[in-house]
Structure formats: C-alpha cells, structure tokens
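Laboratory data are not the source of any read-out in this text; all were calculated from the coordinates shown. Just so it is clear, the model here is predicted, and its values are computed rather than measured. We place every Cβ from the backbone using ideal geometry, glycine too, and count neighbours over all the protein chains shown.
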Amino acid sequence: MIAQVTAPRLGVCYYPEQWPREWWADDARRMREMGLSQVRIGEFAWSRIEPERGRFDWAWLDEAIEVLAEAGLAVVMCTPTATPPKWLIDRMPDMIAIDAMGRPRRFGSRRHYCFSHEGYRAESRRITRAVAERYGAHPAVIAWQTDNEYGCHDTTLSWSVAALKSFRSWLVNRYKDIGALNAAWGNAFWSMEYGSFEEIDLPNLTVTEPNPAHVLEFRRFSSHQVVTFNEAQCRILREYSPGRTLTHNFMGFVTDFDHHEVSRDLDVASWDSYPLGFLEQFWFTTDQKLRYARQGHPDIAAFHHDLYRGVGRGRWWVMEQQPGPVNWARFNPSPLPGMIRLWTLEAIAHGAEVVSYFRWRQTPFAQEQMHAGLLRPDRKDDVAADEVRRVVADLQSLPDECVDTQRSTVKAEVALVFDYDAEWITQIQPQGAGESTLRTAFEWYSALRSLGLDVDVLPSSADLSLYKVVVIPCSPIVSESFAAQLRAISAHVLIGPRSGSKTSHFAIPWELPPGNLQSLIPIKVIRVESLREGMIEPGRHFNVHRWLEHVETSLVPEWVLMSGRGVLYRHQNVRYLAAALDDTSTRQLMKTLTQEAGLHLCDLSEGLRLRRLGDLRFAFNYSTHTLSINDVLPSNARVLRGAVTLAPAEVAIWIE
C-alpha cells in the first residue's frame, strides 16, 4: 500500500477559554511567526459553550475562531464530550462510570461518563450537533476531533447499571439462546450456568477471578460501546461539516478498545505522543529508564507512529507532542535539549501529516499546571519554542519534491501483526506476572528497528501478501481466514508463543495450541510454564525468560535449550517460537530471519535509529553520546541536515 501524504504541518493545542481575550491576537500572531499553521481548540469547553442546558454562549468561541483565522491559522474543532459540565451530572447522576470495585467515577476532573448511558449518548449527540451546526461550514475549520483520548484514566470499562443493561442486550444479539452461551463459556464449570440472560451480571466483585470467557465478552462489548459512541458523532459531523477531516486522538500503550474499529468512521488516526511519560509508566527496566530518562526509549514513539499509520489506513497525525516535562508520570524529567525537534522529525519521517504540540502555554492553575508548553505561564518562550523554529527551518531546507503533496510513505518489507483482542486475552489470563501481548509486540518491533528496518504494524485482517517478512508476536485467537492467508503467502513467517492458544470463546482448542496454525507447522503445545523474574533457561547461544512452552512434534528444533528442550521450530517458510527470549536473543533471531529473507540490515549502535521516507533517509541519535553514521551512510548520499557524527538528540537527513 502507498499512502499519499500531504506536506507536513505543525500545530498546537490552545485553550482560549483559559486566557484573557486581550492575549488571543498576540498568541495567534506568535503562533504564525513560530511556523505553526493549525490550532486545536474546544475539547474541554462544554461548560463555557453551554453554561446552562439550552443556553449557549457562542460569542467568545466565535471571536476566538475569527482571531485565529485572521492570523492565517487553520482550526481543528473538537466535540467537548470528554468533560460534561456539572449541571448535566446533576440532571443525570447515573451517567457517570462505575469502577470495578463499584465506586463512582465522580465529577471533578474529566472523562466522567459511561459509554453505555443512553441519556448521555443523547446529550453527546445534542452538543455535537450544536457545535457542528455553528462551525461546520466555517472556512477556517479544516478538521474535527471527536471527544478526547477515549480510554484515558481507565474509563473504557464501566460497571454501571447502564452498562449491565446494555451488556445483556448485546449478549442476546450475539448468542440468541442462553444454552448456547452456557456451552460457549463452559459454564458447567463451578455451576456457573444461567437460566436466562437477565441473570448475567458484569464480571466484577467475584470471590476469585471471573470466567475468562465472560470477561472477554465484556471487553468486546465495552470496545463496541466506544465504536458506536464515536460513530454517532462522526455521522453528525459529516452531515453538518462535509469535506472536513475527522480524527480522534488515541493514546500510547492504551489497548482497552479496538482502535481499528473506531477508526473506520474516521479519516485520520491521531495519537498523543509523550515518550518520557510512557517510558516511566510502563514495563521498561530500571536501566532503560535511567539510560533514556531524557530521550524516551528509541522505539516508543516509532512503534506508535507505525501502529497508528496502520489504524489510520495510511493517514495519521500526532495531535499532542510532548514539549517538556509532563505532570502525570511518577517522575517527570526535562527532555534532553534537541529532543522535541528529534521527536517531531521522527514523526514526519514515519509519514505524519501533522505534528501538534501540547500545549501553547503552560497553565498556572488546575491539574496540569506542572505540564510544560511552548510558552511559560508568564508568556515568555519556553525551551521547546526554539526547537519548533528549528523544525520549521529543517523542513524549509529540504527539496520541494521531498515535502510536497506527492510525498509518500512506502510499505515496509516487514509486517508485525498486532490485534487488540490479543492484548485483552493476556490481560485477562496472563499466567505469569507482567505477561502481555503488547509488551511482546513492542520487544519484537524494537529488535527489528535496531537492525535498521522499517516495520508496518498491522491487524491480522490486513493484506500481508506483499511483505517479505511477517512476524506474529502473540495472537492467541487465530481465525481460519488468518491461517488461510498465512498459508498463501510466501513471506518468511515467525509465530510467537501463545499464538493459536485460544478459541474465540476463550478455551484451549481441542486439537491443542497452536490451533489453526497447525495447518502451517506440525506442532502441538502440550504444556506451558511462566518463569519468575531472574529465572533463566539458557540455550547454546540464547536465553529464555518469562515464558516456556513444551512442544510435541516430529520436527527437529533449530534452537535447543541446554536441557535438550527445543524452542524454535521450522517448517518450510514458517517458524514457531515456543518461548520468550531476552532482548539480545530476540535481536539475534530477528537478524537470522530477515537475513534469510534477503533484507538489507544495519548493525546499529545503541540508541541509533533509521527511517526511510520516499527518497529521504533519517538517522536519530537517542543516546547520550556522539555517534557516527558512516557505516550506514552510502557513498552516494547527499546530506541535507546534520552530519556524519551525530551529537545526542541530533538528526541527520540525506538523499540516496
């Protein structure tokens, strides 16, 4: 697939309702002078737009849009449904979400609503229609963002009365007969059988873990609720604002709903990039958190760029780019000088149409007062402002043919398969602390990137026929159609542990794992074990940790543990890995696989990453010391930005 990409634009998130009117024109002028061309507004402004139900105050927003437009700035308008006002909560107190412990998610921050509440759904459509009617035809409005960060603060799942009612109806439509549900879920176990759909509760507050089949269906239902909530807003926006781009700002490492399903109603997928916060908050080791504390792990941003390029079917933006220290991680260091520029150029190298910074000015009040912006609270430039100007100069220095509307992001040679329901399954039944499809996918992606390779991150429903290498880190549910596609392709295929280990109803296949994948490689997984931290099973040139499968097969293993147990098997063009490998071993396996496929590899220094965009080639230094790119720079290269030695946080761009 070749996805056409427009010339990259820089933007910013702005909140006119939070600042004096007399500042607006100066802000807009400075945005343009800085090189910004679009502004996102309105996602949290419902209480200012509609102070009382049915009484709208449009004057301030009309003026703000006109001020931005007069400065030559395009506007991304938002539906304000992420922050329903207090008067609405008071009218419908049962519209708030309930957490898994039965506690209400009360008013006083944001995202305080339940996706299943029919009253709130009607209100969300009403306010969306009102804003769309008002601004849908405004010439400055070029795009719409629906809501804000679905799933943020663990708000996808709600254990409310509204969710229970909707879940039961959803199950009726899905199963028709209660006997069919009992059979599918294996409810003969522990006398969990139901006599009717009205007897089914939500899968929380049970004595021990609830039936995993029940939980999986609740996760599917909850994802469906996000999809239909978003679709309703998109339908209204397309009616009242035709021709405008529709997007939603997804998040990093958030998998509570199927982003591909939500994106079907959107034109562009966007995401909010906070590399330092994500490094601190997720599974990375203490050594990695110290080594990359001011840069972010070299693959955090890139993984999401490639993920959301797949979600957006080739079109994607960064809606919020970290500009300095954030306020929400456990620790919040300042980025290394140059990193905002590096993160921006890396997004553009992955095909981003827009990179938008959060936020224009640091606020001196409320929850996010410790979150940096392009400006300080005193209206002076913060550090990131000069880095944005450097990006503008970078883009202006590139040849026109490299940044015009004919620029394209070309399909990589490697596809990595990631499905959201795969992560749900490993969350529901990890079998080992910290086991996660998402983590495994990231580790495989990182190993491939460390070899200088570009990677497309795609769902199992995507067309994989033109790739030279297809890697499947963990796909517990393998449909027959996916297995058939894998049988038909000629790519080198690597399948990871736990793949094919569950049916669609969360049971072990009768034929044993890897289920439908046995039509590709003749193996059976007869036992699995999870290994605690520090427990290593050594091989002759590799190490296994965290997960190990016992395999029954006539195949001779390619990789064997010192104990004699095989962990890597091959049949024709398909390999199955029956273990989790440490980072060094994962990289070695990816190197072997991609070399056999004839791919050009680069043995990159620690912290160095590459990316190709059409005729352009980019190198990024994520380390804290100077690196040479002589080994990856062809003799015919024409260097456009940077040099053959890259200081920390520096970028080189060349044409081959």
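Computed from backbone phi with θ = phi - 60° and the Karplus coefficients 6.51, -1.76 and 1.60, the 3J(HN,Hα) list for the range 504-514 is 5, 9, 6, 10, 5, x, 4, 7, 6, x, x Hz; x is used for glycine and proline.
Per residue, the average separation of C-alpha pairs within less than 8 Å and at least 6 apart gives the chain a relative contact order of 11 percent.
For the chain, a crude dipole built from +1 on the beta carbon of Lys and Arg and -1 on the beta carbon of Asp and Glu, taken about the Cα centre, is about 140 debye to the nearest 20. Between the range 207-268 and the range 1-78, the alpha-carbon centres lie 25 Å apart. For residue 554 and residue 397, the difference between the fully extended length at 0.36 nm per residue and the C-alpha to C-alpha distance is 50.6 nm. Distances between placed amide hydrogens fall under 5 Å for residue 539 paired with 544, 562, all partners being 5 or more residues away or on another chain. Here the sum of -39500 (n - 2.57) over DSSP H runs of 4 or more residues, divided by the residues of the chain, equals -10000 deg cm²/dmol at 222 nm, to the nearest 500. For the chain, the Stokes-Einstein estimate of translational diffusion at 37 °C and a viscosity of 0.692 mPa s comes to 125 µm²/s, using the Kirkwood hydrodynamic radius over alpha-carbon pairs.
Apply the a/c threshold of 1.5 to the C-alpha gyration tensor of the range 414-596 and tell me whether it is rounded, prolate or oblate. Rounded shape, in that the Cα axes give a/c under 1.5. Our estimate of slack between residue 53 and residue 644, defined as 0.36 nm per intervening residue step minus the Cα-Cα distance, is 206.6 nm. With 20 Å as the limit, the listed pairs 411/468; 165/502; 502/524 have 165/502 beyond it between alpha carbons. Counting only aspartates and glutamates at least 8 places from residue 591 when in the same chain, those with an alpha carbon closer than 15 Å to its own are 413, 443, 454, 558, 582, 583, 603. Put a plus charge on the Cβ of each Lys and Arg, a minus charge on the Cβ of each Asp and Glu, and nothing anywhere else: the dipole of the range 414-596 about its Cα centre is then about 380 debye.
The stretch between residue 625 and residue 466, if pulled fully straight at 0.36 nm per residue, gains 53.4 nm over its current Cα-Cα span. If we count every other residue with Cβ under 9 angstrom of residue 610's Cβ, Lys/Arg +1 and Asp/Glu -1, where does the sum land? Neighbour charge sum, excluding residue 610 itself: +4. Please identify every one of the chymotrypsin sites (Phe, Trp or Tyr not before Pro) in the range 491-586 that sits in a loop by DSSP and has no more than 14 other beta carbons within 10 Å of its own beta carbon. Those that pass, being in a loop and sparsely packed, are 510. The range 433-480 and the range 562-576 have Cα centres separated by 19 Å. Computed from backbone phi with θ = phi - 60° and the Karplus coefficients 6.51, -1.76 and 1.60, the 3J(HN,Hα) list for the range 220-225 is 5, 4, 5, 5, 4, 5 Hz; x is used for glycine and proline. Averaging the sequence gap over all C-alpha pairs within less than 8 Å and six or more residues apart, then dividing by the number of residues, gives the range 608-655 a relative contact order of 40 percent.
Mean sequence separation of contacting Cα pairs (under 8 Å, at least six apart), scaled by the length of the range 108-222, corresponds to a relative contact order of 27 percent.
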